[in-house]
Amino acid sequence: MAIATYSDLVTAVGTWIDDTTIAANVPTMIALAEAEFNRMLSVPEQDATATVDTVAATEAVTLSSAVQALRAFYYTANGGYVELQAMSLPQMRSMYSWQASGSPVAYALVGATALLAPIPDGVYTLSYVYTSSIPALTVSNTTNWLMTAHPDAYLFGTLLQAEFFGWNDTRLGLIKERLDDIIAQINKGGNQRRAGSAPIRMQHGVAWG
């Protein structure tokens, strides 16, 4: 059967497991598989963009709750892009403790908050590109980009979680091996799409622009 929606996946996993005592936990298995996907996958489909305005004399800005990792953080100035440098909080505190305020040039992440240095001396519209979490499948959100493009990842990822619910199937080793191959293939394709066909060039200055 084709696996195109949440209900398709639940049915398919139930068929593979063929154990009603475990099959009742398929929704939990899917959620656990998605948690693992969010840790393992890094592809353009996960990329999203957003903006946030600074407040003068305020160090912190709050980022989207969907942010898993920042890929770029920048603002425009003098017709170009100023990219903020990622630092650890202790490193940033040490390097910029002498400068009370100014145009921000660095940031440190603390949870969903970005702390800026120097502390902004005005309003700056910061843009950021981030890796977002995969939209979770539910009875109301029946599909997403990963299900559409890679239903096999969902099937084998969910089946692998069944091991911890007591499904002791001799195929589990093969299922894990297949899932690892699928994840590697998805990431490889994602890296190729991100890189494109252009040669890699060293960049200098304050930004990509």
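All of the numbers you see were taken from the coordinates with simple rules; none came from a lab. Remember, predicted model here, so these are calculated numbers, not experimental data. Backbone-built Cβ (ideal geometry, glycine too); neighbour counts: all protein chains shown.
At a glance:
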quantity: Extension reserve of the Glu163-Thr113 stretch, reckoned as 0.36 nm per residue once the Cα distance is removed; calculated: 14.3 nm
quantity: With Cα atoms, 0 to 90° folded angle of helix 151-161 axis to the chain main axis; calculated: 80 degrees
quantity: Degrees separating the helix 172-195 axis from the principal Cα axis of the chain, which is the longest one; calculated: 30 degrees
quantity: Kirkwood Rh (inverse of mean 1/r, distinct Cα pairs), the chain, angstrom; calculated: 19.8 Å
quantity: Around Ile186: net Lys/Arg minus Asp/Glu count, Cβ-Cβ under 15 Å; calculated: -2
quantity: Antiparallel %, DSSP beta bridges [both residues in the chain], to 5; calculated: 85 percent
quantity: Filtered trypsin sites (Lys or Arg not before Pro), region 133-187: DSSP coil and at most 15 other beta carbons within 10 Å; calculated: Arg171
quantity: Mean Cβ count within 10 Å, highest first, over the residues of peptides 186-196, 156-166; calculated: 156-166, 186-196
quantity: Ser7 versus Asn187: modelled label distance in nm, points set 7 Å from Cα along the beta carbon direction; calculated: 3.5 nm
quantity: FRET E, pair Gln68, Asp19, Förster distance 45 Å, beta-carbon r, rounded to 0.05; calculated: 0.85
quantity: Distance cut-off 12 Å, percentage of C-alpha pairs in region 80-132 lying past it; calculated: 66 percent
quantity: Relative contact order computed over the chain (Cα-Cα under 8 Å; 6+ residues apart), in percent; calculated: 30 percent
quantity: Filtered chymotrypsin sites (Phe, Trp or Tyr not before Pro), region 1-102: DSSP coil and at most 13 other beta carbons within 10 Å; calculated: Trp98
quantity: Intensity falloff of region 91-163 expressed as log10 I(q)/I(0), Debye formula with alpha-carbon point scatterers, at q = 0.14, 0.16, 0.24 Å⁻¹; calculated: -0.66, -0.71, -1.14
